[in-house]
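Written out below as structure tokens is the structure these notes cover.
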């Protein structure tokens, strides 16, 4: 009987590991696609307006996607049970908002295909916090440590190669624009890496990612609007700039919507394989960012052969490092350390350990209470759809050049990953 129980537990852990891996790949594709509209910054729009437009789309998506998948009754019940996590979700949203604004500056100064790998050093920051605060990699064994540390070293080396390629082969603008772009990208990585602390805290407490992101959006929207007001010239200037950006606002909304889909997959990856593994895997978005930047927008066309080689080599090194970390499957000894962190949270906030552990194993414990759906959900869905239709009717072709063939190929690939990853997640956890 004990052997059967052990075999079942091992099978469950392995299935959750591969579920997290699949979600990480899905996150990479959609997070990469979401950043493409920020290329509009090169057309003369303020970085704060670009960020605000994207976050407006994020706000709409964060309300509609969780509602469609599980319903408002389910989300409210989950939030009520873990109300202490609301402040952490808002804090995470605030960190994301500042980081996202920094990425717009980075894209403006050094380009999408360069900035992406630099801000993905967030995996190093997340790895450190996961080990320090949530017992990730504790008791994992030498082999797992070598995979993770080797992967971390590869990410650092790759980032250095990309930084060198940028500083040596990209013409700097006034006052060293390339250097500022590099610093902005690395700053975004630091903030995003720290943002994963609330992520992991929520999921070792049994919170559903759909509930977490619903509260998360208030922190990000409020912070981005505040940044726009303070640094964008005040309320009147921001409103005027939003009016000027109205023809391209549809594309920014669409980018925000894509980002939410990617972030949801990233949240599930963080829940089931931890931030030290899930975040590096979702950072395969740098491959997608490189593809969008190089194939669709032709960013590397003006670079020398040496610069292009360094960019590709640096990206591949970082991808190899992320893969090494992500496929380091946690052994049972490490899972016991995760459970210790979970019990710490349960004792601190008075939660039921058995119920929380069941949620961490992919069980939908809230479904047993049969939360009801409400008619207002249909109004929310209609309002969200109407917003996109209205923006689409007023949209104009973005004032940037792109390759339509490669755009179609990348869009199709991301849609395929959406279906595949969504199906895996539904079959295994019912989006728990």
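Below is a table of values for the structure above.
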| quantity | calculated |
| --- | --- |
| Residue match in region 40-63 (condition: more than 29 Å from residue 431 (Cα to Cα), at pLDDT below 90, within 14 Å of the chain's Cα centre (by Cα) and assigned to a helix (DSSP H, G or I)) | no |
| Which numbered condition residue 364 misses (of (1) within 24 Å of the chain's Cα centre (by Cα); (2) over 17 Å from residue 28 (Cβ atoms); (3) buried (at least 19 other Cβ atoms within 10 Å of the Cβ)) | (3) |
| Residues of region 95-124 classified as under 21 Å from residue 269 (Cα atoms) and at pLDDT 90 or above, total | 2 |
| Any hit, region 178-193, residues being at pLDDT 80 or above, over 24 Å from the mean Cα position of the chain (by Cα) and farther than 17 Å from residue 107 by Cβ | no |
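Yes/no matrix, rows are residues, columns are (1) within 23 Å of residue 16 (Cα to Cα); (2) loosely packed, with under 14 Cβ neighbours inside 10 Å; (3) free of Cβ contacts under 8 Å to residues at least 12 places away in the same chain; (4) touching a strand residue (DSSP E or B) at 6+ places or on another chain (Cβ under 7 Å):
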{"position": "359", "(1), (2), (3), (4)": "yes, no, no, no"}
{"position": "370", "(1), (2), (3), (4)": "no, yes, yes, no"}
{"position": "376", "(1), (2), (3), (4)": "no, yes, no, no"}
{"position": "383", "(1), (2), (3), (4)": "no, yes, yes, no"}
{"position": "386", "(1), (2), (3), (4)": "no, yes, yes, no"}
{"position": "390", "(1), (2), (3), (4)": "no, yes, yes, no"}
{"position": "395", "(1), (2), (3), (4)": "no, no, no, no"}
{"position": "417", "(1), (2), (3), (4)": "yes, no, no, no"}
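The values are calculated or read from the model by the stated rules, or taken from the named source; none is laboratory data. Fair warning: this is a prediction, and the values are worked out from it, not measured in the lab. Please note: Cβ atoms are built from the backbone with ideal geometry, for glycine as well, and neighbour counts cover all protein chains shown.
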